[in-house]
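What follows is one structure encoded as C-alpha cells, with my remarks underneath.
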Amino acid sequence: RAMLPDGVVVLEADYGDATALDAALARVETGFRLFLACGNAPEQAELELNVARAARARGCAFCCKLSTATPALEMRQGPYEAHLRVEAALREESSDASLPHAVLRPNLFMQMLTAPPLGVAAHLLESARAEHPFADAAISMIDARDVAAVGAAILVSDDPEAQHGSRTYELTGPA
C-alpha cells in the first residue's frame, strides 16, 4: 500500500461474501472504476460475478475485466469457461452484473513460463521433452506488468466508457 499514490483506495473483501463486498464498496464514491480479476478456481465465475453485482449496485462507472487469451477461451473448458460467463454477464444489459467495461485478453504471462501449472521448467528438469497446452496455438508471451499498465491506462483515462467501452484488447506484448 505504501507504493500506491494518494487517492488510491484499497478495499478488502471475500469475493464469496456479498455482505462483505457491499460493505467494502460502500467506502468508495459512486462513479468509481474497477479492475476485476480473480485467480482460477472452480467457482471463479460466481466470485467475479459477485464483485460485478456489488459494484453495479454501488454505482461503479466502469470495469476493466482481466480475461485470458482467445485461443484458451475457444477451448471452452476448464477455468477458461468462467471468463466467457463473466464477459457475457458484463455485456448483457438485463444482467444484474452488467457494467460499462473493457476486457483485457493477455496471452501467456512471461512469469508463468516456469511456474506451475502451465510452466515447463519442472518438466525440463525431469525430461528432455516438455508439452504445453498452447504448443500448437499462435501465442505470444506478455509480462504481467504490461497487462497492469494497460488496465491502469484504461481506468484513469478521461472517459473510459467512450474511449474503451465494450472493447476487447488482445494483449500480446509491450507495444
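The values are calculated or read from the model by the stated rules, or taken from the named source; none is laboratory data. Predicted, not measured: the structure shown is a model, and the values here were computed from it. Positions of Cβ are generated from backbone atoms using ideal geometry, with glycine treated the same way; all protein chains shown enter the neighbour counts. Surface areas here come from the heavy atoms of the whole protein model, side chains and all, with no ligands, DNA or RNA. Shrake-Rupley method; radii C 1.70, N 1.55, O 1.52, S 1.80 Å.
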### Task
Would you be able to tell me the number of residues in segment 148-173 that are part of a loop (DSSP other than H, G, I, E, B), open to solvent by 70 Å² or more (accessible area, probe 1.4 Å) and within 14 Å of Leu104 (Cα to Cα)?
2
### Task
Check segment 31-50 and report whether any residue there is open to solvent by less than 30 Å² (accessible area, probe 1.4 Å) and among the charged types (D, E, K, R).
yes
### Task
Can you give me the number of residues within segment 54-82 that are modelled with pLDDT under 95 and open to solvent by less than 10 Å² (accessible area, probe 1.4 Å)?
3
### Task
Search segment 83-101 for residues being closer than 14 Å to Ala45 by Cα and in a helix (DSSP H, G or I), and hand back the single one that is most open to solvent (accessible area, probe 1.4 Å).
Arg85
#### Entry: Hits in segment 20-30 (condition: open to solvent by less than 80 Å² (accessible area, probe 1.4 Å) and not hydrophobic (A, V, I, L, M, F, W, C))
Asp22
### Task
Taking Arg27 as the residue in question, decide whether it is in a loop (DSSP other than H, G, I, E, B) and touching a residue at least 12 places away in the same chain (Cβ under 8 Å).
yes
